[in-house]
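K.L.:
I have a structure here, written as structure tokens, and I will follow up with some questions on it.
The values are calculated or read from the model by the stated rules, or taken from the named source; none is laboratory data. Just so you know, these numbers come straight off a predicted model, no measurement behind them. Don't worry about glycine lacking a Cβ; one is built from the backbone with ideal geometry, like all the others, and counts go over all protein chains shown. For the accessible areas, the whole protein counts, side chains as well, though only heavy atoms, and no ligand, DNA or RNA atoms are used. Shrake-Rupley method; radii C 1.70, N 1.55, O 1.52, S 1.80 Å.
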Amino acid sequence: MLDIENAVDSSVTEDEFEEIIMGLIINSGQARSVAYGALKKAKEGDFDGARKLMEQSREALNEAHKIQTRLIGDDQGVGKTKVSLVLVHAQDHLMTSMLARELVTELIELHEKIK
């Protein structure tokens, strides 16, 4: 896997940049998917399992957020980063995953209170 700490700068190739963006998509999707798995566990009454999955979801989201932060930092607010439909799609994945995690957290808490 590409080293995100050193990869996003003006010398990054098109293929490397796509790999960075795919890391954003993959980690975001993983965070969302695992969060919904946690919700399923909570519905079944397995709150310890739900908490473990939510921790995994948080870790995946943190990885995605690191990538996003690096992209934003390297852009420096002046449009250095090439914006493509795939990058917009990756950002969309990240934002919906963050929202999904917030909502799933609330739903898990509600299921726990009901039990």
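K.L.:
Taking the Cβ-Cβ separation of Glu16 and Leu99 as r and a Förster radius of 35 Å, what is the calculated FRET efficiency to the nearest 0.05?
P.N.:
Efficiency, from the Cβ-Cβ distance: 0.75.
K.L.:
Another question about this same structure. Give me the accessible area per residue for the range 24-115, probe 1.4 Å, as a whole number in Å².
P.N.:
Heavy-atom SASA per residue in the range 24-115 reads 62 Å².
K.L.:
Which value, in Å³ per residue, describes the convex hull spanned by the Cα atoms of the chain?
P.N.:
Residue-normalised Cα hull volume stands at 92 Å³.
K.L.:
Could you tell me how many degrees, from 0 to 90 and to the nearest 10, lie between the Cα long axis of helix 14-43 and the main elongation axis, the longest principal axis, of the Cα atoms of the chain?
P.N.:
The angle comes out at about 10 degrees.
K.L.:
In the range 28-101, what percent of the accessible surface is made up of carbon and sulfur (1.4 Å probe, ligands and nucleic acids excluded)?
P.N.:
Reported share for carbon and sulfur atoms: 56 percent.
K.L.:
With the contact rule set at Cα under 8 Å and sequence spacing of 6 or more, what percent relative contact order holds for the chain?
P.N.:
Worked out over the chain, it gives 37 percent.
K.L.:
Along the charge dipole of the chain, pointing to its positive end and built from +1/-1 on Cβ of Lys, Arg, Asp and Glu, which listed residue (Ala90, Ala38, Ile108) has its Cα farthest out?
P.N.:
Ile108
K.L.:
To continue, here is another question. Run the simple label-point estimate for Ser84 and Asp48 please: 7 Å along Cα→C-beta, distance reported in nm.
P.N.:
4.6
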